[in-house]
1. Hey, which of these cross-link pairs are over 19 Å Cα-Cα: 2/316; 56/303; 7/303; 289/316; 35/294?
2. Which residues does the label zone of residue 113 cover in the stretch 300-315, counting backbone N under 18 Å from a point 7 Å along Cα→Cβ?
3. Given only helices, namely DSSP H runs of n ≥ 4 each adding -39500 (n - 2.57), what is the per-residue ellipticity at 222 nm of the chain, to the nearest 500 deg cm²/dmol?
4. Restricting things to alpha carbons, find the Rg to Rh ratio for the chain using the Kirkwood radius for Rh.
5. Which net charge results when you count Lys and Arg as +1 and Asp and Glu as -1 among the other residues whose beta-carbon is under 11 Å from that of residue 58?
6. Label the stretch 132-221 by shape, choosing from rounded, prolate and oblate, from the square roots a ≥ b ≥ c of the eigenvalues of the Cα gyration tensor; if a/c is under 1.5 it is rounded, and otherwise prolate applies when a/b is larger than b/c, oblate when it is not.
7. Report the paramagnetic label zone for residue 263: residues of the stretch 54-76 whose backbone N is under 19 Å from a point 7 Å from Cα along the Cα-to-Cβ axis.
8. Let's test the formula: R0 of 45 Å, r as the Cβ-Cβ distance of residue 174 and residue 140. What FRET efficiency results, to the nearest 0.05?
Amino acid sequence: MKAVQVKAFGGTDQLEIAELPDPVSDQHEVVVRVKACGLNYADLMQREGLYPGGPKPPYISGLEASGVVESAGSEVGDALPIGSRVVVLRPGAHAELVNSDWRACIRLPETMTLNEGAAFPVQYLTAYHSLITLAHAKPSETVLIHAGGGGVGTAAVQISKLLGLRVIATASTSDNRAKVLELGADAAVDYDEFDLAACEFNGGRGPDICLESIGGDVFRRSLAIMPVLGRLVVYGAASREPQPIDTLKLVFRSQAVMGFHLNAIFERRDLLLPSLTMLLGWIEEGKLKIQIGKTFPLNEVRKGHELIASRQSYGKVILVP
């Protein structure tokens with residue numbers, strides 16, 4: 001099979017298309033013929049060696065893929081028949097074939113395309129749990145969503161509106177800001193004066209919730225405007241800048257700064273399964289529309305990395321083997 005292999009930590013020149021042995025399923029696994037792969041900012045950080053606990057080169061990149069079950073182990077039986085359309089979440093997903101425990105596969109509704117399947121799990125589960133599990137979002141609250149035109153951002157805008165929140169989002173380009181407004185955001189601004197705009201939007205008070213994935217100056221300015229009992233959820237750090245936090249100020253302002261990584265949810269099936277049911281239900285009902293901004297052939301993976309790094313991308317970037 002062909003797969004994207006990271007030869008060594010570094011730039012996009014370390015990405016290559018390698019010919020590797022086909023995976024073989026054990027008794028509890030299926031082998032999936034991949035039709036689409038999701039490309040995430042985490043893939044860039046792993047390639048650069050900046051992802052805590054990430055894989056060591058050489059390794060196959062990728063975290064999520066969708067496809068069709070091609071073969072199954074002896075213990076799978078009729079639980080996941082050959083030909084089933086599924087999403088797989090596992091390292092090494094940027095390949096023509098992946099194997100996975102059948103119990104870890106997400107079956108796709110007929111209303112979803114395979115490209116949408118590859119764009120779904122990481123972004124939509126991150127947005128859902130950032131808002132609901134960590135921030136405990138309540139109707140009529142205000143949320144500031146940074147990188148509103150990104151994969152998580154476009155998911156968070158739509159989920160926030162379904163939860164009855166008032167949404168102000170940031171985006172780098174006027175085109176992305178227009179698209180975010182079309183998704184339902186009440187306001188969309190650039191980064192120059194987002195802090196002033198967010199307070200003005202909320203009647204002089206900062207947002208109740210902020211979803212933040214950039215770090216650096218954006219993190220500092222966001223924390224500075226959080227009100228009493230405000231909740232700031234950090235799920236990324238695109239600036240790669242460490243953030244000192246004055247814990248005494250947090251105490252006297254009664255604020256929360258929370259980090260979120262999706263692995264925490266994978267370890268809690270009591271949280272994972274209900275969220276998948278809710279999200280897939282919203283998608284089937286047409287209440288959530290997965291945003292795919294750009295699709296590249298697998299052999300153009302370097303272009304995908306460069307697009308995400310530019311912070312000019314919209315929605316999800318997909319690779320197609």
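1. Beyond 19 Å: 2/316; 56/303.
2. 314-315
3. Using -39500 (n - 2.57) per qualifying helix, the result is -8500 deg cm²/dmol.
4. 0.98
5. Numbers: positive: 7, 56; negative: 16.
Residues close to residue 58 contribute a combined charge of +1.
6. Because its axes are fairly even, with a/c under 1.5, the stretch 132-221 counts as rounded.
7. 54-65
8. It comes to 0.95.
The values are calculated or read from the model by the stated rules, or taken from the named source; none is laboratory data. Note that the structure is predicted; figures quoted are calculated from it, not measured. Cβ coordinates were reconstructed from backbone atoms using ideal geometry, including for glycine residues, and neighbour counts include every protein chain displayed. The area values use the complete protein model at the heavy-atom level, side chains included, leaving out ligands, DNA and RNA. Shrake-Rupley method; radii C 1.70, N 1.55, O 1.52, S 1.80 Å.
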